[in-house]
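Asker: Supplied in structure tokens, the structure appears directly below.
The values are calculated or read from the model by the stated rules, or taken from the named source; none is laboratory data. Computed from a prediction, not measured in an experiment: that's the story for all the values here. Here the Cβ is made from the backbone with ideal geometry for all residues, glycine too, and neighbour counts use every protein chain on show. Only protein heavy atoms, including side chains, enter the accessible area calculation; ligands, DNA and RNA are left aside. Shrake-Rupley method; radii C 1.70, N 1.55, O 1.52, S 1.80 Å.
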Amino acid sequence: MTADSTPALVQNADADTDGLAPAGPSVARDARARNTKAYLQYVAAKIAGAVISLFAVLVTSFFLFRLIPSDPVKQMTGGRRVSAEQLQSLRHQFGLDQPLWKQFTSYVGDALTGDFGTSFQFHTPVIDKITEALPATLLLTGTAYVLYTALGIWLGTRTAWRNGSRSDRFNTAFALTLYSVPSFWLGLLLIIVFSVGIGPIPGMFPTGGLESGGETGFAYVLDVAHHLVLPVITLVAVGYAQTLLVMRSSLLDEMGSDYLTTARAKGLRDDVVRRKHAVPNAMLPTFTLMFVNLGHVVAGQILVETVFSWPGLGGLFYQGLSVPDLPLVQGLFFVFATAVILANTLADVLYPLLDPRVGR
């Protein structure tokens with residue numbers, strides 16, 4: 001893609017027009033119509049693929065968690081002495097005594113209407129538990145997403161443009177180190193240092209949770225922000241490193257392009273060449289990563305939420321796995337996968353508007 005590329009919907013698509021006189025209005029309209037039709041076919045194919053993927057996820061979510069070698073009913077009784085009749089009654093109550101094919105058809109039929117069943121351990125509809133935990137996840141991962149995306153793009157651009165400099169070597173090495181560190185390990189380290197305190201560093205932040213309780217108004221906002229600091233730092237540290245490395249790599253690929261040499265030859269300042277020409281053309285891989293991470297905003301970070309006892313979807317999923325609470329983990333798995341699939345489909349739909357070569 002060059003700096004003067006025009007959107008796919010307004011380009012003349014036919015190669016047989018090359019070398020001819022400028023096209024008239026009717027020819028231009030025909031070309032736009034063909035491009036529009038091709039784009040709509042491309043979008044329809046992507047949507048159809050997303051629908052197929054969602055159905056595959058629905059099937060997978062049912063069978064996957066039944067491979068866990070654990071009896072949900074015995075887990076819920078907490079090891080207490082329970083008669084065989086009571087266990088059978090509980091299995092009948094939760095539908096676990098039905099044939100597998102019947103459980104599957106009931107699950108698929110209900111899930112298509114938005115009903116994921118009733119949680120074994122909470123005895124409430126799964127959709128209600130998801131709705132209850134979703135705001136906490138969006139607050140945590142949404143805040144981290146905005147911060148690490150902006151930081152990663154900015155630093156990735158700077159390091160690539162100063163390739164080989166001392167700051168480039170330091171930022172790249174630091175990003176690689178953070179990217180290789182498991183997020184739960186980094187979270188535990190931050191808790192030890194900044195929550196518990198170590199040496200001269202006092203404990204400054206809560207060890208976990210969303211709030212301390214008892215606060216209202218602006219004091220409540222400050223309390224939640226105080227609890228957000230460490231989990232957000234954990235997510236930003238890993239997320240910005242990934243974004244920086246992708247942005248740096250894609251910009252380095254663009255830096256040797258002829259159109260940048262031409263822009264410099266025209267007398268444009270170096271920062272203008274970078275900002276208006278190089279960066280927009282290097283954004284497509286980072287754009288892909290942004291939408292993948294956007295899907296993970298809903299999915300949350302299971303390990304990070306668990307380490308910080310964050311009352312979001314990730315922590316809820318961990319609680320469901322410990323039983324296993326089949327309706328809960330099935331519903332959450334489907335929601336997580338749906339968010340990622342929809343984000344990727346949206347990215348695919350927008351690609352041709354950013355790069356005319358995509359979808360042609």
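Asker: Through the Karplus equation 6.51 cos²θ - 1.76 cosθ + 1.60, θ set to phi - 60°, convert the phi angles of the range 250-267 into ³J(HN,Hα) values in whole Hz; use x for Gly and Pro.
Answerer: Couplings: 5, 6, 4, 5, 7, 5, x, 6, 5, 5, 6, 4, 5, 4, 5, 5, 6, x Hz.
Asker: Could you compute the net charge surrounding residue 154? Neighbours are other residues with a C-beta less than 15 Å from the C-beta of residue 154; K and R count +1, D and E count -1.
Answerer: +3
Asker: Could the peptides 147-154, 232-239, 128-135, 36-43 be put in order, highest first, of the mean number of other beta-carbon atoms found within 10 Å of their residues? Please list the in-between numbers first.
Answerer: Values: 147-154: 18.5, 232-239: 22.0, 128-135: 16.6, 36-43: 14.0.
Result, highest mean Cβ count within 10 Å first: 232-239, 147-154, 128-135, 36-43.
Asker: Name the residues whose placed amide hydrogens come within less than 5 Å of the amide hydrogen of residue 119, ignoring near sequence neighbours (fewer than 5 apart) on the same chain.
Answerer: 124, 126
Asker: What translational D, rounded to a whole number of µm²/s, comes out for the range 224-288 from Stokes-Einstein when the hydrodynamic radius is the Kirkwood one over Cα pairs, at 4 °C and 1.567 mPa s?
Answerer: Working: Rh = 13.8 Å.
Taking Rh from Cα pairs, D becomes 94 µm²/s.
Asker: Related question: Sort 216-225, 244-253 by packing, meaning the average of other beta carbons within 10 Å per residue, with the highest value first.
Answerer: Values: 216-225: 11.6, 244-253: 20.8.
Highest-to-lowest ranking by the protection proxy: 244-253, 216-225.
Asker: Another question, then. Can you list residues from other chains, or at least 5 along the same chain, whose modelled amide H is less than 5 Å from the amide H of residue 301?
Answerer: For residue 301, whose amide H was placed from the backbone, the distant partners under 5 Å are 314.
Asker: Calculate, for the range 246-360, the solvent-accessible area per residue in square angstrom, rolling a 1.4 angstrom probe over the heavy atoms of the protein chains.
Answerer: Values: 4830 Å² over 115 residues.
Per residue, the range 246-360 has an accessible area of 42 Å².
Asker: Sum up the charges of everything whose Cβ sits under 11 Å from the Cβ of residue 341, counting Lys and Arg as +1 and Asp and Glu as -1, but leave residue 341 out. Intermediate values should be presented prior to the final figure.
Answerer: Numbers: positive: 46; negative: 348.
That works out to 0.
Asker: State the percentage of accessible surface on the range 223-333 attributable to carbon and sulfur atoms; use a 1.4 Å probe and exclude ligands, DNA and RNA.
Answerer: Working: 2570 of 4180 Å².
With neighbouring chains kept in place, the figure for the range 223-333 is 62 percent.
Asker: Continuing with this model, one more query. Once each part is reduced to its C-alpha centroid, what is the distance from the range 251-295 to the range 166-193 in angstrom?
Answerer: So the two Cα centres are separated by 27 Å.
Asker: With the convex hull built on the Cα atoms of the range 198-339, state its orientation-averaged projected area in nm². Walk me through the numbers before you get to the answer.
Answerer: Values: hull surface 56.4 nm².
Result: 14.1 nm².
Asker: What are the extents of the Cα atoms of the range 260-317 along their three principal axes, in Å, largest first?
Answerer: Here the Cα extents, ordered largest to smallest, are 58, 18, 11 Å.
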